[in-house]
Amino acid sequence: MEKNDGAVPGEIEPENEKQLLQHILTVVNRLDNRIKNLENDTAKIEEIRSSISAFSSRIESLEKSVEKIYNHISQMEAGIEGLGAVVNTVIDKCAQNKKDIGSVDTKLIEMEMEMRKSEKIYFENMQKLQENVLDLKCRSMKYNLVFSGLEYQRDENVKVKLREFIKTELGLDQHIDFVNVHRFGSPGLNNARPIVAKFLFRSDLEVVLKNAYRLKGKQFGINEQFPREIENRRKPLYPLMRKAKKEGKKVSLVRDRLYIEGKMVQAQEGTEDETVTRNKEYRDVLFDRAVNNPQLPPLPPRQYKRARSEDSVDDTSTSPTPSTPR
């Protein structure tokens, strides 16, 4: 039988009670600290949850933006594919155009060469044709002589006057037949228009030319008639012809060709007859003769050109040789 010192059953001793309370207090403090930690953790969790929620919203917004960008990129890719097809078509067309242009260039070069050949042939043919026409003109004037200085009279018979002139001034009594005789051009010596006469026979023309030297010192002139083109070619040859004559050389001027001592001579560039510097007109050639011969009276001032008459239709296409009595 245990010894009982008067302690009440179920009661705790004061020392043990103090320890128990201390232990309980410790446990409560621990629980309180844990609760505080839990509360702190809960606040952090809420912050994290809020951050996660905001982040989720941003992610959703980014996803929508990414989706829009993806759709836009898809549209751009589709457009780029269409542009690629267009570019390929353009490249193919450019390549074809390049081939066509090369073919056209080749054809143009060939056409240009053909045109140059044709132009050369045409130019040569034109030159030949012009020379042929010029030759025909010369042949048509082969029987023509131009007489200058015969005074004009109203209602004159030019043919009778010319025959009288040939008889009195050249001393030729033989009968000369003319095809046509008329005045033409502008006034020259004695203020009279020249007379062009077409001879029936070349022999009569040559006889008249051989006796033209009898007019030396007189205000008359006799010349062969040539087309204007031939006359323009002859003008640069006159200084050479006169110089050769002064030197006593044998000179022959046939159309537009000058022969000195049997050799053909061409005028040098820049060589021009002194008559050409006076407006290159027939009256100025005759005027030069009068100036160089002080025994002749001076010529009156040049009058304005007369109206062309019906019998001088071909006068504009002809030009007489400068008067040089033989």
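The values are calculated or read from the model by the stated rules, or taken from the named source; none is laboratory data. Keep in mind the model is a prediction, meaning the values are calculated, not measured. Note that we place each Cβ from the backbone using ideal geometry, even for glycine, and neighbour counts take in every protein chain shown.
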Discussion item. Among the listed residues 69, 12, 48, identify the single one that is at pLDDT 85 or above, surrounded by 10 or more Cβ atoms within 10 Å (Cβ to Cβ) and hydrophobic (A, V, I, L, M, F, W, C).
Written reply: 69
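Answer with yes or no whether residue 182 is of a type outside the set (Ser, Thr, Tyr), within 23 Å of residue 228 (Cβ to Cβ) and assigned by TED's automatic domain parsing to the domain that holds residue 225.
yes
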Fill in: Of the criteria (1) under 46 Å from the mean Cα position of the chain (by Cα); (2) modelled with pLDDT of 90 or more, which one residue 151 fails
(1)
Worksheet item: Are any residues in region 223-238 among the polar types (S, T, N, Q) and either within 11 Å of residue 267 (Cβ to Cβ) or part of a helix (DSSP H, G or I) (or both), and if so, which ones?
Response: 232
Fill in: Those residues of region 249-273 which are modelled with pLDDT under 60 and either exposed (fewer than 14 other Cβ atoms within 10 Å of the Cβ) or polar (S, T, N, Q) (or both), in sequence order
270, 271
Worksheet entry | Considering residues of region 120-150 that are out of contact with any helix residue (DSSP H, G or I) (no Cβ under 8 Å at 6 or more places or on another chain) and among the aliphatic types (A, V, I, L, M) only, the residue farthest from residue 164 (Cα to Cα) | 121
Discussion item. Are there strands (runs of 3 or more DSSP E) fully within region 106-219 with at least 1 residues that are touching a residue at least 40 places away in the same chain (Cβ under 8 Å), surrounded by 13 or more Cβ atoms within 10 Å (Cβ to Cβ) and hydroxyl-bearing (Ser, Thr, Tyr)? List them.
Written reply: 144-148
